[in-house]
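What follows is a set of notes on a single structure, which appears directly below.
Values in this text are rule-based calculations from the coordinates and carry no lab data. These numbers come from a predicted model, not from an experiment. Cβ placement follows ideal geometry from the backbone for every residue including glycine, while neighbour counts extend to all protein chains displayed.
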Amino acid sequence: MEGMNFDLRQQTVRELNGFLHSAEGKAKRGTIAVHHPDGAHNIAAGLNAPVKVVVHGHAGYYAAGMNMHADITIEGSAGTGVAENMMSGRVHVKGFASNSAGASAHGGLLVIDGNAALRCGISLKGGDIVVGGSVGSFSAFMAQAGRMVVCGDAGDGLGDSLYEAVLYVKGSIQSLGADAQIEPMGEADLKAVTDLLSQAGFSQHKAADFKRVASKRELYHWNADANQEY
């Protein structure tokens, strides 16, 4: 089956998403191309079939949110919450991403070629995020599981209140958040970073150049004797 085209200057996002959620849309093979998105919100949200969608331009808020199984490419930048709460599949932003990219993602892979703004990977729950540029402040705040690879720099408060998620940063880290620390890279880390860089198409970077950031695990339990000093 061939792909098809949607033009959001002629059709609505509701029509696009309605098709993508229909039995016909879920069975579609080939590429479903979205033209003239012009920053529209909620493009390709909540997909739950292995379809391929290419957005030819910039997307607004919550593009590819709640994704399951689909392969979604945004050939531009994306607004707040791209790929938030993703369960599986792949989302690729070829430009930049605004706040809270990949928030609460449980699975799948989010690739951002450019920079990501504040709170990238906040409350990450098992997905993987690879950022070709830098990430803003408070990225991976309360990240519970999953991995994030940053090929550029990280802003203030990286990994604040981390749980079991692991972060890898090649560039400088402005500051670490509460309970986050830099740890040595082990063989498993080198393999993990190499694999993620390969999946993201960033094989020009070398895993050995990255730093591992993980939790000190001092905030796991309330300590009545800590006198509020953490």
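Data table
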quantity	calculated
D (Stokes-Einstein, µm²/s), Kirkwood Cα radius, the range 1-124, 0.692 mPa s at 37 °C	240
Rounded to whole Å, sorted largest first: equivalent-ellipsoid semi-axes of the range 98-181, Cα gyration tensor	15, 15, 10
Per-peptide average of other Cβ atoms within 10 Å, ordering 201-208, 170-177 highest first	170-177, 201-208
Which of Asp153, Asp195, Asp128 has the fewest Cβ neighbours within 10 Å, and the rest in rising order	Asp195, Asp153, Asp128
Exposure proxy ranking, count of Cβ atoms within 10 Å, fewest first, for Lys52, Lys28	Lys52, Lys28
Residue among Ser77, Ile173, Ile32 farthest towards the positive dipole end of the chain, charges placed on Cβ	Ile32
Ile32 long-range amide H proximity, modeled H, under 5 Å	Met4, Lys52, Val53, Val54
Neighbour-count ranking [beta-carbon atoms within 10 angstrom, fewest first] of Leu8, Leu219	Leu219, Leu8
Per-q log10 I(q)/I(0), the chain, q = 0.07, 0.10, 0.17 Å⁻¹ (Debye; single scatterer per alpha-carbon; no solvent)	-0.23, -0.45, -1.08
Cα-based helix-to-principal-axis angle, 187-200 vs the chain, degrees rounded to 10	20
